[in-house]
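What follows is one structure encoded as structure tokens, with my remarks underneath.
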Amino acid sequence: MTLVAVGAIETSSIAQGVVAGDAMVKTAEVTLLQATTISPGKYWVLVGGGVATVRASLRRGIEVAADTLLDSLFIPQLHEQVLPAIAGTAGMGDEDAVGVIETLTAASAIEAADAAAKAAAVRIRDLRLANGIGGKGVVYLTGTVSNVQAAVEAGRALALRKSLLARSVVVPRLHEQMKERLF
């Protein structure tokens with residue numbers, strides 16, 4: 001199955017998140033990419049597949065999550081760098097600048113990463129979701145200073161529209177010792 005689209009829900013209840021995730025995979029032929037508890041006491045479900053099947057699955061998940069729904073996402077044409085960044089398998093590089101987009105939810109971090117990667121020629125180096133970071137999402141991306149600035153602005157704008165931006169920064173010429181700690 002080709003994973004063209006992704007959809008996700010983030011719930012305030014672990015129990016209801018399990019029920020919603022089960023409903024999502026029963027509703028349409030999707031691939032369950034992640035279904036797990038995340039900090040602080042939330043539940044996260046990420047599915048992938050064709051556009052129509054992911055849309056149907058997500059609708060059902062939102063319906064079942066009901067008042068426990070904290071955030072959701074639907075990206076019909078996911079940028080190819082996003083899933084490897086979530087999996088921690090993004091490639092290495094020695095780019096000039098680093099951008100960081102910090103969001104208040106995991107879903108908004110994925111949306112910000114997708115928007116950033118589509119806006120400019122950058123490499124998504126890492127995409128950290130919720131656990132160990134207080135339920136937030138953090139996108140790390142690299143490239144030339146101008147491309148990183150454009151990408152961060154695109155991701156920042158998307159998170160701001162949802163009122164889920166914590167902070168965004170661009171660091172030109174990140175020191176080697178910091179690079180070693182981040183990547």
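Here are some notes:
- Evaluating residue 51 against the criteria (1) farther than 20 Å from residue 105 by Cα; (2) open to solvent by 60 Å² or more (accessible area, probe 1.4 Å) leaves one unmet condition, (2).
- Among the criteria (1) surrounded by fewer than 23 Cβ atoms within 10 Å (Cβ to Cβ); (2) within 15 Å of the chain's Cα centre (by Cα); (3) on the phi < 0 side of the Ramachandran plot, the one residue 117 does not fulfil is (1).
- Cβ-Cβ contacts under 7 Å between residues 6 or more apart (or on different chains), taken from a first residue in the stretch 43-58 that is at pLDDT 95 or above to a second residue that is of a type in the set (S, T, N, Q) and part of a helix (DSSP H, G or I), are listed as 47/57; 56/27; 57/27.
- Pairs with Cβ under 9 Å, 6+ apart, first in the stretch 145-171 and within 17 Å of residue 95 (Cβ to Cβ) and in contact (Cβ under 8 Å) with a residue 12 or more places away in the chain, second polar (S, T, N, Q) and assigned to a helix (DSSP H, G or I): 170/149
- Only a single item in (1) among the polar types (S, T, N, Q); (2) under 26 Å from residue 173 (Cβ atoms); (3) more than 11 Å from the chain's Cα centre (by Cα) is not met by residue 103, and it is number (3).
- Wholly enclosed strands (runs of 3 or more DSSP E) of the stretch 23-118 bearing at least 2 residues farther than 24 Å from residue 140 by Cα: 31-38
- Qualifying residue in the stretch 86-100 (condition: closer than 21 Å to residue 17 by Cα, of a type in the set (Asp, Glu) and either touching a helix residue (DSSP H, G or I) at 6+ places or on another chain (Cβ under 6 Å) or in contact (Cβ under 8 Å) with a residue 40 or more places away in the chain (or both)): no
- Selection status of residue 166, within 17 Å of the chain's Cα centre (by Cα), assigned to a strand (DSSP E or B) and surrounded by fewer than 20 Cβ atoms within 10 Å (Cβ to Cβ): yes
- The set of residues in the stretch 122-143 being out of contact with any Asp or Glu (no Cβ under 7 Å at 6 or more places or on another chain) and either open to solvent by 30 Å² or more (accessible area, probe 1.4 Å) or among the hydrophobic types (A, V, I, L, M, F, W, C) (or both) consists of 122, 124, 127, 128, 129, 130, 131, 132, 133, 134, 139, 141.
The values are calculated or read from the model by the stated rules, or taken from the named source; none is laboratory data. All values derive from a computational prediction rather than experimental measurement. Virtual Cβ from ideal backbone geometry, glycine too; neighbours counted across all protein chains shown. Remember, those area values only see protein heavy atoms, side chains included, never the ligands or the DNA or RNA. Shrake-Rupley method; radii C 1.70, N 1.55, O 1.52, S 1.80 Å.
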